[in-house]
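The structure under discussion appears below in the form of structure tokens.
None of the figures in this text is laboratory data; all of them are computed from the coordinates on show. Note that the structure is a prediction, hence the values are computed from the model and not measured. Positions of Cβ are backbone-derived with ideal geometry, glycine not excepted, and every protein chain shown enters the neighbour counts.
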Amino acid sequence: QVKLVESGGGLVQPGGSLRLSCAASGSIFRVYFMAWYRQAPGKQRELVAVVSSGGSTTYADSAKGRFTISRDNAKNTVALQMNSLKPEDTALYYCNTNIQSTTSTLPTNYWGQGTQVTVSS
């Protein structure tokens, strides 16, 4: 069994910073891409950033220049450093990844439980 646990959300003023973390644990054989999505009230879930197993990164236009995604392959963790936060960044942020467990020959897609980010003065 594989589990994703997120942390780091909270309330921050506009222009502030937050760092989200996501740790994968369990019977892990291989971790593929790791990504962050977000969903604001009344809106569809959207991709924020993704990092490949090799370290290549892709960002949504809204995140470019302000957010940085990084991963630690030894610890099976992914982080999202968010700077210059805006009220429109307010959302529930989810970690997402494909992981092949030690008992499977194929990867499974996993979602974290979500962590709330609120940007408000």
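Numbers for the structure displayed
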item	result
Vicinal HN-Hα couplings computed from phi for region 96-108 (Karplus, 6.51 cos²θ - 1.76 cosθ + 1.60; Hz; Gly/Pro x)	9, 7, 9, 10, 9, 7, 6, 10, 9, 9, 10, x, 10
Charged-residue dipole, Cβ positions (Lys, Arg, Asp, Glu), the chain about Cα centre, Debye nearest 20	100 debye
Selected from Leu80, Leu106, Leu20 as most flexible by GNM, with the chain as the system and alpha-carbon contacts under 10 Å	Leu106
Furthest towards positive pole of dipole, Val48, Ser17, Phe29, structure part region 1-63, Cβ charges	Phe29
Gly16 long-range amide H proximity, modeled H, under 5 Å	Leu85
Residue with peak Gaussian network fluctuation, the chain [Cα springs, cutoff 10 Å], from Thr58, Thr105, Thr97	Thr105
Eligible lysines near Lys86 by straight Cα distance, threshold 28 Å, same-chain separation 8 or greater	Lys43, Lys64
Per-residue HN-Hα couplings for region 82-91 [Karplus 6.51, -1.76, 1.60; θ = phi - 60°; Hz; x = Gly/Pro]	10, 10, 6, 5, 10, x, 6, 7, 4, 4
D (Stokes-Einstein, µm²/s), Kirkwood Cα radius, the chain, 1.306 mPa s at 10 °C	110 µm²/s
